[in-house]
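Have a look at the structure below before the remarks.
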Amino acid sequence: MVMIGTDSHKRTHTFVALDDVGRRLGECTLRANTDGHLQLLTWAAQFQDVTFALEDCRHLTRRLEGDLLRAGQRVVRVPTRLMAGARRGARTPGKSDPIDAEAVAVAALRHPGLPVAELDGPARQVKLLSDYRRDLVMQRTRACCQLRWHLHELDPDLALPSRSLRQANTRARVEAFLDTQGGIVVRLARKLLVRIADLSEEIKDIEKELKTLVADQAPTLLSLPGCGVFSAAVIIGETAGVHRFRDKDAFARFTGTAPVPVWSGASAGKVRLNRGGNRQMNYALHMIALTQARGVGPGRAYLAKAEARGKDRVAALRLLRRRLSDAIYSALRADQIPASTHIQQAA
């Protein structure tokens, strides 16, 4: 078997080929475009049983990954921390593109269970829309904060409820107030008001599209108590196919809800909070847990039992997130089966 590691940049990719015991067989640097990818396939044809190992930074490797998959090649994704560990443990000091590419290949050889890449499916549409919506919401929040400071300068007694600038009637009220004022501050406030209205309309359009996509792809996930459309969109987009995980425990490590063992000798069984994993997924689970804690679903009863056993509120919520991770894994698996059947029938 030959493992070809890759160090990717915007303009070029550097490739290093290793055999199954880590001996270097060759290296090359090619352009990061389709012509360069075709040259890569020609160069790799001299080896037998080739696997490509790409550092998991898909903003740089997505096009290369897609071209390799469409050419029938096997591609694995290497997390950056594994690559960095392999580079630190190498006998070659320093940092260069060939050194990084070799470290990626070495990490892939050391860890045979790495995720195998595949072409993007419908889940990426959900992720792109969800991320774009989040960015728009952040822009709107920033514009609302700026507008509030301008309004405070114009009239400190003007009271606007929290988050009310999202509503058209509140914006109309502010516009009527600005009509009675003058100056550069008023002109800037009007521009911000128009910006907030435009962002709100765009956010509404994206939310409508997200609701349709999520309902089609994950009806079982949406039926989970406390899981709304936007939390489900984050889960679908970040998971990118639940079939990538061998079991619910691997999924819990991905969501950051699996505890980390920290014991030695007499302290056997001791664990600590997992601060890793996908933080967007962990945040979505936390929001579902908070919703269930308010009485939606079985979360409140579970928290009461955990607190009765001596757990504080934070620890009980942490345990609830772990149980929710298993429930979400089961729901995603249930939603995946009909989708796979539909794809086979269409083929």
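The values are calculated or read from the model by the stated rules, or taken from the named source; none is laboratory data. No experiment lies behind these values; they were computed from the predicted model shown. In this analysis, Cβ positions are derived from the backbone assuming ideal geometry, glycine residues included, and neighbour counts consider all displayed protein chains. Heavy atoms of the whole protein, side chains included, go into the accessibility calculation; ligands, DNA and RNA do not. Shrake-Rupley method; radii C 1.70, N 1.55, O 1.52, S 1.80 Å.
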(message) Checking Asn282 against (1) free of Cβ contacts under 8 Å to residues at least 40 places away in the same chain; (2) surrounded by 14 or more Cβ atoms within 10 Å (Cβ to Cβ); (3) in a loop (DSSP other than H, G, I, E, B), only one condition comes out false. Which one?
(response) (3)
(request) Evaluate the following for Arg58: is it of a type in the set (Lys, Arg), out of contact with any Cys (no Cβ under 9 Å at 6 or more places or on another chain) and either farther than 10 Å from Val2 by Cα or surrounded by 15 or more Cβ atoms within 10 Å (Cβ to Cβ) (or both)? (result) yes
(message) Tell me yes or no: at least one residue of segment 183-205 is open to solvent by 50 Å² or more (accessible area, probe 1.4 Å), at negative phi, assigned to a helix (DSSP H, G or I) and in contact (Cβ under 8 Å) with a residue 60 or more places away in the chain.
(response) yes
(message) Could you check segment 119-128 and list, in sequence order, the residues that are surrounded by 14 or more Cβ atoms within 10 Å (Cβ to Cβ) and either closer than 21 Å to Pro79 by Cα or at pLDDT 95 or above (or both)?
(response) Asp120, Ala123, Arg124, Lys127
(request) Taking the residues in segment 235-274 that are touching a helix residue (DSSP H, G or I) at 6+ places or on another chain (Cβ under 9 Å) and open to solvent by 80 Å² or more (accessible area, probe 1.4 Å) as candidates, determine which candidate is nearest to Ala304 (Cα to Cα). (result) Lys248
(message) Quick test of your reading of the structure: Pro93 fulfils all but one of (1) at pLDDT 90 or above; (2) not in a helix (DSSP H, G or I). Name the failing condition by number.
(response) (1)
(message) Which residue is surrounded by the most Cβ atoms within 10 Å (Cβ to Cβ), if the candidates are limited to segment 129-166 and must be acidic (Asp, Glu) and outside any helix (DSSP H, G or I)?
(response) Asp155
(request) Answer yes if at least one residue in segment 167-181 is among the aliphatic types (A, V, I, L, M), part of a helix (DSSP H, G or I), under 12 Å from Leu151 (Cα atoms) and open to solvent by 20 Å² or more (accessible area, probe 1.4 Å), and no otherwise. (result) no
